[in-house]
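Everything below concerns the one structure shown next.
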Amino acid sequence: MNSKRIVITGGPGSGKTSLIRYFEDLGHVCLPEISREVTFKAQQQGISQLFLEQPLLFSELLLNGRKAQFLEAPSPENTPFLFYDRGLPDVTAYMDYLGTEYPSFFTETCNNLRYDAIFLLPPWEEIYIQDNERYESYAQAERLFEFLHQAYQNYGYTVYHVPVGSIQYRGEYILKKIASLF
């Protein structure tokens, strides 16, 4: 049995990573977000904001990292779901947000490597915090939410909106929805 691939996505500061940690605590296999790692490596090389300074390079590194994550994802026996902290279409959504053109292999990769369900978290001002890797304002996070929704729809996905609430509430919402889908 192949595990179902479930993407948890949303604009910056919407609670994605906390929700992924919740699923890990429940014993689910989760694949982490990799953009902070890419940003940190660039900062070690003297590039303070790779996403802003070289958006195409940053996005290609993310796309390649997420592609590898997708292709190499573990699928242990009795693991019905793999939860991803962001998916491949997040890369093109951010590029579209910036108005930056990208090579066709970005779109081809997103079309060829498919997830089974997409859960989008809305902007949530009460929990939004800016930091060294999250430079967007809350207003920008709201716009990114729109671009993420549109990107996943453009790739033919049904996008499920996760209501605002406690981590447990949101997690239970997703698990109930998954149970009804599969």
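Bear in mind these aren't lab numbers, they're just calculated from the coordinates by the rules spelled out. Since the model is a prediction, treat every value here as computed from it, not as a measurement. Positions of Cβ are generated from backbone atoms using ideal geometry, with glycine treated the same way; all protein chains shown enter the neighbour counts.
Applying the Karplus relation 6.51 cos²θ - 1.76 cosθ + 1.60 with θ = phi - 60° to region 13-23 yields 3J(HN,Hα) values of x, 9, x, 4, 5, 4, 5, 4, 4, 4, 5 Hz, where x marks Gly and Pro.
Restricting attention to the chain, the count of lysine pairs at 8 or more positions apart or across chains with alpha carbons under 24 Å apart stands at 9. The simple spin-label model puts a point 7 Å past each Cα toward its Cβ; for Leu57 and Ala73 those points are separated by 3.0 nm. Couplings 3J(HN,Hα) of region 24-31, computed from phi: 4, 4, 7, x, 7, 7, 10, 10 Hz, in residue order, whole Hz [Karplus 6.51 cos²θ - 1.76 cosθ + 1.60, θ = phi - 60°; x for Gly and Pro]. Across region 112-124, computed HN-Hα scalar couplings (Karplus, 6.51 cos²θ - 1.76 cosθ + 1.60, θ = phi - 60°) run 8, 9, 10, 9, 9, 7, 10, 10, 10, 8, x, x, 9 Hz from first to last residue, x flagging Gly and Pro. Here the extension length gained between Ile167 and Asn111 equals 17.1 nm, from 0.36 nm per residue of separation less the Cα-Cα distance.
A simple packing score, the average count of other Cβ atoms within 10 Å per residue, orders the peptides 2-10, 67-75, 18-26 as 2-10, 18-26, 67-75, with the highest score first. When only the Cβ of Lys, Arg, Asp and Glu is charged (+1, +1, -1, -1), the dipole of region 4-181 relative to its Cα centre reaches about 420 debye. Calculated mean residue ellipticity, 222 nm, the chain: -15500 deg cm²/dmol, from DSSP H runs (n ≥ 4) at -39500 (n - 2.57) each, averaged per residue and rounded to 500.
Angle check, please: helix 35-44 long axis (alpha carbons) against the longest principal axis of the chain (alpha carbons), in degrees 0 to 90, nearest 10. Compared with the principal axis, the helix lies near 30 degrees. Here, the chain yields an orientationally averaged convex hull projection of 10.2 nm² when only Cα atoms define the hull. Can you pull out the GluC sites (Glu not before Pro) in region 96-129 whose DSSP state is coil and whose Cβ has at most 16 other Cβ atoms within 10 Å? Sites meeting the loop and neighbour criteria: Glu101.
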